[in-house]
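Data first, discussion second: the structure below is written as structure tokens.
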Amino acid sequence: MSPGDHLAVEVRDLVKVYPRPGGGSLRALDGIGFQVRAGEFFGFLGPNGAGKTTALEIIEGIRKPTSGEVRVLGADPRREPDRVKRVMGVQLQAASYFSLLTIEEILELFGSFYPRRRSPGELLDLVGLADRRKAYVRQLSGGQQRRFSVAAALVNDPEVLFRDEPTAGLDPQMRHGLWELLRRLNRGEGKTIVLTTHYMEEAELLADRVAIIDHGRIRAIDTPRNLIGRLDGLGHIEFAAAREVETEELAALAGVTGAVAKTEGAPSGVLGPVTYQLQVTEPRTAVGALLDWSERRGVELRGLELAPGTLEDVFLELTGRELRE
């Protein structure tokens, strides 16, 4: 990061320790530090329980750190909460809204809390809910509720927008719709966005830079392309087979470091084709070894594909466990 860059978020040596009910303590954050440039789309990628939400809530001023320093556009969220609230928009993992107010009335109410605000009509048009302005939150679909939460986080026209697992539980179509909205806010309006996610694809497609976090520690920070570039040939092979084979056999092949199987059951309950994914360090060697093995074992390989490395492969390489765990 160059000296001339304007910083939206600064975090130094952030630690959060919780007491355990039976004694002892849990170190949720273990001295993390990072910076987010103004106008950047920054992603926290990690599994549930990695410390993503704890970090975000401390930055937002919702939770108190055990130690460390946080600045949002130069202000300390704990010592200058009013100043930070004026420039920050927050969307939590779960939110409750007034049940007897329409979504237009909720935005009107929220906007009245700030000296600077955007009109409900403008916000609802921005998130594609103008035709639902007289609806109650409970009458909105899951995807519409997530879009409304974006509108609610924008009432004060914030410079920095925090999003905690914004697409968790949404189907692929709703998820892609919300991604497009976040892209427009970042690239079209210049909003700085800090997002937590455990979806590899979400971080890879949206974020300018990604921090991979696990067990309260940041393992790496870089652009998705640079992180994947560190894999030095790592990737995976995918194929389907008409019958099951032992993944241990596949994992023992030359150039292969691991193998997983995904079984697709037929409606009748009869076992259907099995899809396999092999993690590889030497793609050419691994493909050759796989083809030799299939000929020896009489296993027909269908839809064989060699895919490049992904952020999930990076996470596995850095932490030794899969992102979905």
Any hit, the stretch 34-48, residues being modelled with pLDDT under 95, under 25 Å from Val210 (Cβ atoms) and either assigned to a strand (DSSP E or B) or not assigned by TED's automatic domain parsing to the domain that holds Pro115 (or both): yes
Subset of the stretch 81-112 (residues that are acidic (Asp, Glu) and surrounded by 15 or more Cβ atoms within 10 Å (Cβ to Cβ)): Glu104, Glu105, Glu108
Any hit, the stretch 176-194, residues being surrounded by 15 or more Cβ atoms within 10 Å (Cβ to Cβ), in contact with a Ser or Thr (Cβ under 9 Å, 6 or more places away or on another chain) and among the charged types (D, E, K, R): no
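The values are calculated or read from the model by the stated rules, or taken from the named source; none is laboratory data. Please read these numbers as outputs of a predicted model, since none were measured by experiment. Cβ: placed from backbone, ideal geometry, glycine included. Neighbour counts: every protein chain shown.
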